[in-house]
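Below you'll find the structure, written out as structure tokens, and then a few comments.
What follows draws every value from the coordinates through simple rules; no lab data is involved. From a predicted model like this one, the values you see are computed outputs, not experimental measurements. Methodologically, a virtual Cβ is constructed for each residue, glycine included, from the backbone with ideal geometry; neighbour enumeration extends over all protein chains shown.
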Amino acid sequence: MKTTIIAAITIVLLIAIFIGIGISHSDMPGRTPYLVNDYAGVLNIATKEYLESLLKYVRDKGSRHTEVVVTIFKSLNGKPFDEFFRQYLARWWRWSIVENHNRIQIVIVTDAGKVRVGVGRPLDKIIDGPKANDIIHTLMLPRFTAGDYSTGTRVGVEAIIRKLEKR
């Protein structure tokens, strides 16, 4: 009897955990074939096409196949930004088509005014936290504050690519 109750409680807890995980990721899109994913609708078409072409070129050239992906969300859906970023990054990283860790993920959340750059190894030696924050705070956020997401995103991506090309 006691064993049955413990087993039933364990099953209920496991179901609750799996349902919770499913809910926490259900509002987050999965991997797309695009390198620029604007779910907020803030980029103009010319910028989106330019960045997509530029990032495909960066990914496909040379032997390192560095993948840079830009994802723009309108809101955090009630989550703290750090939790939202970690969950999205973990989900995106799993589905990357690049087999090594030469990946950079730029996540922008317009309503929260937040930007984060996730960098895989060994690229974290080239674009570390201070360098990424400098790009975000000097190039991207001032333009985002002015409502110009297209220019802010473009100059941020171009700055990251310039740093990658110096390696």
| query | How do T151, T47 line up, fewest other C-beta atoms within 10 Å first? | reply | T151, T47
| said: Need the list of lysines near K125 for cross-linking: C-alpha distance under 18 angstrom, and skip anything on the same chain fewer than eight residues off. | reply: K163, K166
| task | Please arrange I108, I72 by counting, for each residue, the other beta carbons lying within 10 Å of its beta carbon, fewest first. | result | I72, I108
| field | Under-5 Å amide H pairs with N37, H placed in peptide plane, nonlocal only | value | V70, T71, I72
